Amino acid sequence: MGQKNSGKAARGRLLTALMAATMVAMAAGVSAEQRIDLDSWQTKKLGDWNEKSFDGETDYQASNSGEYLSARAENGASALFLKREIDVTKTPVLNWRWRAKEFNGAKNHLVKEEDDFPARIYVVVKNGFLPWDTLAINYVWAGGDIDKTSWPNPFTEKAIMVPVVKGEQGRGEWRQEKVNVVEDFKRLFNKDISRIAGVAIMTDADNHGGVSAADYGGIWFSDL
């Protein structure tokens, strides 16, 4: 009788252990699904990111280590954009790493002539049926210490600028950023969004002239 009870207890412990292991594995799977990586710098290539020129070109180069992307603009500007629909009801938080290295002297970003930034990251959503019916939030590292938390892009009312960092303090230092894009689109455009259409990055110096430079590390969406 004792052996039977001992056998049942052992099987019970084994079942409990298996269930616990299964729950851990499931939790790990859920956790993995809640992070959507967008950068491909680790492959030392741009992957699905495509370049769009506005005035001249920004030089984008993956580092030898593949840990980040270097960007340098001299009297010009081009953006890298990634077309990818993402369900932001599940992963509303945009995360990224960046460091500004050179500022081109633009300070008053409210005017077209100084709409330049060492680093910016766009989030774009569709706002209609036509390809150009879009809205965008530009999260920027501003060279000027503007006394505003956001402002309309001087070239288009369909984009709003949000200074995540202001001024040149911290030049050359890596910063980790995090924003909730669902909350920001509601706050800035009074628009409820469930999906985004894509993301873009840009280092530019086409309006004010001079040189802007920055590095971009990992870019990803998450639930937290």
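The values are calculated or read from the model by the stated rules, or taken from the named source; none is laboratory data. In this text the structure is predicted, and so the values were computed from the model without any measurement. Virtual Cβ from ideal backbone geometry, glycine too; neighbours counted across all protein chains shown.
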Anything in region 48-86 that is closer than 20 Å to G198 by Cβ and of a type in the set (S, T, Y)? List them, or say none.
S53, T58, Y60, S78
So, in region 199-224, of the ones that are small (G, A, S) and surrounded by fewer than 21 Cβ atoms within 10 Å (Cβ to Cβ), which residue ends up farthest from E102 (Cα to Cα)?
S222
Evaluate region 114-136: report whether one residue or more is in contact with a helix residue (DSSP H, G or I) (Cβ under 8 Å, 6 or more places away or on another chain) and not aliphatic (A, V, I, L, M).
no
Select from region 179-224 the residues that are assigned to a strand (DSSP E or B) and either more than 16 Å from I86 (Cβ to Cβ) or at pLDDT below 95 (or both) and list them in ascending order.
M202, T203, D204, V211, S212, A213, A214, D215, Y216, G217, G218
Enumeration of residues in region 173-224 that are charged (D, E, K, R), closer than 27 Å to G144 by Cβ and touching a residue at least 12 places away in the same chain (Cβ under 8 Å):
E173, R175, E177, K178, E183, D184, D204, D206, D215
Please work out if E168 is touching a Phe, Trp or Tyr at 6+ places or on another chain (Cβ under 7 Å), over 20 Å from W49 (Cβ atoms), of a type outside the set (V, I, T) and not in a strand (DSSP E or B).
yes
Subset tally (residues that are more than 25 Å from D59 (Cβ to Cβ) and among the hydroxyl-bearing types (S, T, Y)) for region 175-203
1
Collect the residues in region 139-157 that are under 17 Å from N104 (Cβ atoms) and either part of a strand (DSSP E or B) or aliphatic (A, V, I, L, M) (or both), keeping them in residue-number order.
V140, W141, A142, I146
Checklist (1) on the phi > 0 side of the Ramachandran plot; (2) in a strand (DSSP E or B) applied to I160, failing item
(1)
